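Contents: one structure, followed by commentary.
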Amino acid sequence: MKKEIVKTNEAPAAIGTYSQAVKVGNIVYLSGQIPLDPASGEMVAGEMRAPIARVFDNLAAVAKAAGGSLQDVVKLNVFLTDLGNFPLVNEIMAQYFKEPYPARAAVGVAALPRGAQVEMDAVMVLGDKIRRKDAKGAKKPKSKAKKRR
């Protein structure tokens, strides 16, 4: 499959040897985002609420550039220099995502690029919506058994 590089000015430019996102088929791998303001290139200052929200805004901008939204995210990884901020991540995440929520990992780390206290990356699936077996209106698998006459 062909790989497509995703780039947008609505999120911070890459600060290293990586792409904002890479799309392969209908899967998009979003690179880690830290709380950089895309306009100024500076870290968002203030209490933790603002940096966490900026990270979600940056991820949303890259998701949009790839043809999707945060609702298409199936896996989210959260990296925090202080796991004491995890309840705040949950609170703010609920403003950006609706149920069903993506799978997620939260990892405590010693340090992040540019002195950030939070970084997140994600995997997004575009197109076909994932259906649960019990979801209303979900198609039932076709039976392989032949009908008797």
- Note on the structure: In degrees rounded to 10, the 0-90 angle between helix 86-96 Cα long axis and the longest Cα principal axis of the chain is 60
- Message: Between helix 49-65 and the chain, what is the angle of the helix's C-alpha long axis to the longest principal axis, kept within 0 to 90° and rounded to the nearest 10?
- Response: 50
- Task: Going by C-beta contacts inside 10 Å, put 114, 54, 104 in order with the fewest on the left.
- Result: 114, 104, 54
- Message: Taking each pair of distinct Cα atoms in region 1-141 once, what is the resulting Kirkwood hydrodynamic radius in Å?
- Response: 15.8
- Query: Hey, if you put +1 on the Cβ of every Lys and Arg and -1 on every Asp and Glu Cβ in the chain, which of 110, 16, 94 ends up farthest toward the positive end of that dipole?
  - Reply: 94
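For region 1-121, give the magnitude of the charge dipole about the Cα centre (Cβ charges: +1 Lys/Arg, -1 Asp/Glu; no others), in debye to the nearest 20. All intermediate terms of the calculation are to be shown ahead of the outcome.
Details: 11 positive and 12 negative charges, 89 e Å.
Using only the charged Cβ atoms, the result is roughly 420 debye.
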- Query: If you average the sequence gap of Cα pairs under 8 Å that are 6 or more apart and divide by the length of the chain, what percent do you get for the contact order?
  - Reply: 26
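Each reported figure results from applying straightforward, stated rules to the coordinates on display, with no laboratory input. Because the structure is a prediction, the values reported are computed rather than measured. Virtual Cβ from ideal backbone geometry, glycine too; neighbours counted across all protein chains shown.
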